[in-house]
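**Q** Quick one: this structure, given as structure tokens, is what I'll be asking you about.
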Amino acid sequence: QVQLVESGGGLVHPGGSLRLSCAASGNFFSIYAMGWYRQAPGKPRELVAGFARDGSAIYADSVKGRFTISGNNAKKTAYLQMNSLNPEDTAVYYCKMTWGEINYWGQGTQVTVAT
């Protein structure tokens, strides 16, 4: 079993920055199996950042140049650094880990970008 817990969300001003964390426990093996998604009200959940098979980072077009995914295997934690935030980034952000055919999801953390 895998458990994922996101943290670091909150209210930030436009242009501000925030770093999300996803701590894994249980049958964890690599941060490269992890990724970040988000879901805004009335919109489908979308991929924000993850890793390709060669280990390179992949990003949604809407966040390229502003967000950075990283991780620390020793700490069993993935991160999402978010810079130059705008109101369109407001959403619940979810961490996902893939183990075989199963996708494990965290509970989500709310990010609100507003004055």
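The values are calculated or read from the model by the stated rules, or taken from the named source; none is laboratory data. All values reported here derive from a predicted model rather than from experimental measurement. Cβ atoms come from the backbone with ideal geometry, glycine included; neighbour counts cover every protein chain shown. What goes into the accessible areas is simple: the full protein's heavy atoms, side chains included, and nothing from ligands, DNA or RNA. Shrake-Rupley method; radii C 1.70, N 1.55, O 1.52, S 1.80 Å.
**Q** Through the Karplus equation 6.51 cos²θ - 1.76 cosθ + 1.60, θ set to phi - 60°, convert the phi angles of the stretch 100-109 into ³J(HN,Hα) values in whole Hz; use x for Gly and Pro.
**A** Residue by residue, the stretch 100-109 yields x, 8, 9, 9, 9, 10, x, 7, x, 9 Hz.
**Q** If a/c stays under 1.5 just call it rounded; otherwise compare a/b with b/c (prolate if a/b is bigger, oblate if not). Do that for the stretch 35-82, with a ≥ b ≥ c from the square roots of the Cα gyration tensor eigenvalues.
**A** Judged from the Cα gyration tensor, the stretch 35-82 comes out prolate (a/c at least 1.5, a/b above b/c).
**Q** Explain nothing, just compute: Karplus ³J(HN,Hα) = 6.51 cos²θ - 1.76 cosθ + 1.60, θ = phi - 60°, for every residue of the stretch 85-90 in order, whole Hz, x for Gly and Pro.
**A** Karplus-based 3J(HN,Hα) across the stretch 85-90 equals 5, 10, x, 5, 7, 4 Hz.
**Q** Using DSSP to define loop residues, name the GluC sites (Glu not before Pro) in the stretch 6-88 whose beta-carbon has at most 10 other beta-carbon atoms within 10 Å.
**A** Passing both the DSSP loop test and the Cβ count: no residue.
**Q** Then there's this: Dipole of the chain, Cα-centred, from +1 at each Lys and Arg C-beta and -1 at each Asp and Glu C-beta, to the nearest 20 debye? Each step should come with its number before you reach the end.
**A** Values: 10 positive and 7 negative charges, 31 e Å.
In debye, rounded to 20, the chain gives about 140.
**Q** Using amide H atoms built in the peptide plane, which far-off residues or other-chain residues are under 5 Å from residue 28 H to H?
**A** Close amide H contacts, sequence-distant or interchain: none at all.
**Q** Residues of the chain: accessible area per residue at 1.4 Å, in Å²?
**A** I get 53 Å² per residue for the chain.
**Q** Right, another one. Under the 0.36 nm per residue contour assumption, what length would be gained going from the current alpha-carbon distance of residue 81 and residue 112 to full extension?
**A** Numbers: separation 31, 0.36 × 31 = 11.16 nm, distance 1.48 nm.
9.7 nm is the gain from fully extending residue 81 to residue 112.
**Q** Next up: Among the trypsin sites (Lys or Arg not before Pro) within the stretch 2-65, which fall in a DSSP loop and have no more than 13 other Cβ atoms within 10 Å of their own Cβ?
**A** Qualifying residues, ordered by number: 53, 64.
**Q** Oh, and also: Which of 94, 108, 2 sits farthest toward the positive end of the charge dipole of the chain, with +1 on the Cβ of Lys and Arg and -1 on the Cβ of Asp and Glu?
**A** So the residue furthest toward the plus end is 2.
**Q** Still on this structure: Which distance in nm do the two modelled labels at residue 43 and residue 1 give, with both placed 7 Å along the Cα-to-Cβ direction?
**A** 3.4
**Q** Quick one: 3J(HN,Hα) in Hz for the stretch 4-16, Karplus 6.51/-1.76/1.60 with θ = phi - 60°, rounded, Gly and Pro as x.
**A** 10, 10, 8, 7, x, x, x, 9, 9, 7, x, x, x
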